[in-house]
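A.B. asks: I am attaching a structure below and will ask some questions about it afterwards.
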């Protein structure tokens, strides 16, 4: 198992950004941004934190391909488009239960559970990122998001003269999207049961 690691570079705090280049071709082309954001989060956990999060027949750890992971997340979210926070959380939980390691007795080993926070969640997001754990962030058009309603995978943050920004893997093709904290209205993350 790889160590959880956090980097501090200038004002940046979070997971090493170069690790997210592995997922640069993971793109949402079917309006299932919640599933894609969750797939990137779970892949990062599998690659760098806890390999048993996803069985290797679903996705081979360390490879840039998503294997069957994004498809499994879309299934777990019932193919939902326009995903809302409870749907993303339930989908991640269903995926964890279905995709985790199978023990010899046939029981599933689920080392994490999906959790959700809605409303002002900046401190909770930063707690996860300071610990080297990426999380899914939901943003809304009504909070000023130029993306509209959308999900991304946050892996770091920094303060700028305009305010705090989260550095994210955006499943529309940008692995270093800078998302203003004021756009965020929810998060989905993994926690120990």
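Since every read-out is calculated from the coordinates, none of them should be taken as a lab result. Treat the numbers as computed from the prediction; the structure is a model and nothing was measured. Here Cβ is always computed from backbone atoms with ideal geometry, including for glycine, and neighbour counts include all displayed protein chains.
A.B. asks: Over region 1-91, what is the relative contact order in percent, taking alpha-carbon pairs closer than 8 angstrom and at least six residues apart? Let's see the in-between values first.
C.D. replies: Values: 96 pairs, mean separation 26.9, N = 91.
Relative contact order, region 1-91: 30 percent.
A.B. asks: Okay, next question. Based on the Cβ-Cβ distance from residue 113 to residue 21, what FRET efficiency comes out when R0 is 25 Å, to the nearest 0.05? Mind dumping the intermediate values first?
C.D. replies: Numbers: r = 29 Å, r/R0 = 1.14.
So, using R0 = 25 Å, E works out to roughly 0.30.
A.B. asks: Considering only 14, 87, 119, give the residue with the highest GNM mean-square fluctuation for the chain, with springs between Cα atoms whenever their separation is below 10 Å.
C.D. replies: The residue that fluctuates most here is 119.
A.B. asks: OK, next. Looking only at Cα atoms, what is the convex hull volume of the chain per residue, in Å³? Write out the running numbers ahead of the final one.
C.D. replies: On the way: hull volume 20.2 nm³, N = 193.
Roughly 105 Å³ of hull volume per residue.
A.B. asks: Another one. If each residue of separation counts as 0.36 nm, what is the full-extension length gain between residue 146 and residue 97 once their alpha-carbon separation is subtracted?
C.D. replies: Stretched out fully, the residue 146 to residue 97 stretch lengthens by 14.2 nm.
A.B. asks: At a 10 Å Cβ-Cβ cut-off, how would you order 159, 170, 47, fewest neighbours first? Write down the numbers at each step before the final one.
C.D. replies: Working: 159 12, 170 22, 47 19.
The fewest-first ordering by Cβ neighbours comes to 159, 47, 170.
A.B. asks: When ranked by the protection proxy of mean other Cβ atoms within 10 Å per residue, highest first, what sequence do the peptides 181-193, 58-70, 25-37 form? Let's see the in-between values first.
C.D. replies: Values: 181-193: 18.8, 58-70: 16.6, 25-37: 20.5.
Listed from highest to lowest mean packing, they are 25-37, 181-193, 58-70.
A.B. asks: Gain in length, residue 160 to residue 127, computed as 0.36 nm per residue apart minus the alpha-carbon separation, to one decimal in nm?
C.D. replies: Details: separation 33, 0.36 × 33 = 11.88 nm, distance 1.87 nm.
Roughly 10.0 nm would be gained on extension.
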